[in-house]
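What follows is a single structure, written as structure tokens, with notes after it.
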Amino acid sequence: MCIICSINMKVLLVNGSPHKEGCTYIALSEVAKTLDSCGIETEIFHIGNAPVAGCIGCGQCKQKGTCFRDDVVNAFAAKTATADAFVFGSPVHFASATGSITAFMDRVFMLPSAQMAYKPAASVVSCRRGGATASFDQLNKYFTIRCMPVISSNYWNMVHGSCAADVAKDEEGLQTMRVLGRNMAWILKCIEAGRQNGINRPEPEQKIYTNYIR
Ligand SMILES: Cc1cc2nc3c(=O)[nH]c(=O)nc-3n(C[C@H](O)[C@H](O)[C@H](O)COP(=O)(O)O)c2cc1C
């Protein structure tokens, strides 16, 4: 519990790596430890190693609320209502986020049942050497189409290494994660302080969809 707001807040961190306790996990754990030290509860959600299918654009989730494929995507979506903020982590695979986290996020961000709008979010990436900023940009695009305030750090959120032990030695990367955690805790407390003083989420407008020709 946050001693300033006396309220329970929770951040859900997603590990999109096939390695449950690899490089991405070390980065997410550093964010989580920092949030914990600020009185904010955390949970690291591993998307696992089972293949994650991509979105087939069937639109069934618009009617049902959940995805017709009852897998890790629906399991994650069920946790979003009680989360106040999110961190999505991915290793870099060929200068992009992994196929699994991309498929996962494509489907999560289509779901009406995923309660994420207006909640702060951040992405973190881990790579051996190259492709980190491209992957970081890719992940941030999900938040910026869903009215989610993006939390930053004192560098782009990346760590470097081929294994967890390498990342444990990446002092700058780990500092980036700690600063990110503190910044996220600060924004969460500001949002809560605002809410307690009558500053609520903006009223959404009915979304306008055009395809540029009509
Ligand atoms: C299929 C595959 C592709 C990869 N592509 C890149 C890459 O483009 N750039 C890079 O720096 N590292 C690349 N790597 C290495 C991982 O991104 C890196 O070791 C990462 O920190 C592993 O994180 P993890 O332990 O959480 O899976 C690749 C690894 C795999 C398995």
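The values are calculated or read from the model by the stated rules, or taken from the named source; none is laboratory data. Model, not experiment: these values are computed from the prediction. Every residue, glycine among them, receives a Cβ derived from its backbone with ideal geometry; neighbour counts consider all protein chains shown.
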Matching option when the condition is in a loop (DSSP other than H, G, I, E, B) and touching a Leu at 6+ places or on another chain (Cβ under 8 Å), among Cys55, Cys67
Cys67
Can you tell me how many residues within segment 140-166 are touching a residue at least 60 places away in the same chain (Cβ under 8 Å), among the hydrophobic types (A, V, I, L, M, F, W, C) and in a loop (DSSP other than H, G, I, E, B)?
3
Got a number for residues in segment 72-111 being surrounded by fewer than 19 Cβ atoms within 10 Å (Cβ to Cβ), more than 26 Å from Ile26 (Cβ to Cβ) and without any contact (Cβ under 8 Å) to a residue 40 or more places away in the chain?
2
When you check Asp137 against the structure, is it surrounded by fewer than 21 Cβ atoms within 10 Å (Cβ to Cβ), part of a helix (DSSP H, G or I) and within 15 Å of the ligand (Cβ to nearest atom), yes or no?
yes
Residue among Val150, Val108, Val179 that alone is within 18 Å of Thr98 (Cβ to Cβ) and among the β-branched types (Val, Ile, Thr):
Val108
Given the conditions (1) part of a loop (DSSP other than H, G, I, E, B); (2) within 27 Å of Ser126 (Cα to Cα), which single one is not true for Ile44?
(1)
State whether one or more residues within segment 191-199 are away from the ligand (no atom under 16 Å from the Cβ), free of Cβ contacts under 8 Å to residues at least 24 places away in the same chain and in a helix (DSSP H, G or I).
yes
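In segment 140-183, how many are of a type in the set (Gly, Ala, Ser) and surrounded by 17 or more Cβ atoms within 10 Å (Cβ to Cβ)?
So the answer is 5.
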Hey, could you check segment 1-46 for residues that are surrounded by fewer than 21 Cβ atoms within 10 Å (Cβ to Cβ), at pLDDT 95 or above and of a type in the set (A, V, I, L, M, F, W, C) and say which is nearest to the ligand (Cβ to nearest atom)?
Ile44
Looking at Leu13, is it under 19 Å from Ala97 (Cα atoms) and within 16 Å of the chain's Cα centre (by Cα)?
yes
Segment 116-134, residues that are surrounded by 19 or more Cβ atoms within 10 Å (Cβ to Cβ) and hydrophobic (A, V, I, L, M, F, W, C)
Met116, Ala121, Ala122, Val124, Val125, Cys127, Ala132
How many residues, within segment 112-134, are more than 13 Å from the ligand (Cβ to nearest atom) and farther than 20 Å from Arg201 by Cα?
1
Would you check which residues across segment 87-111 are within 16 Å of Met148 (Cβ to Cβ), among the β-branched types (Val, Ile, Thr) and within 16 Å of the ligand (Cβ to nearest atom) and list them?
Val87
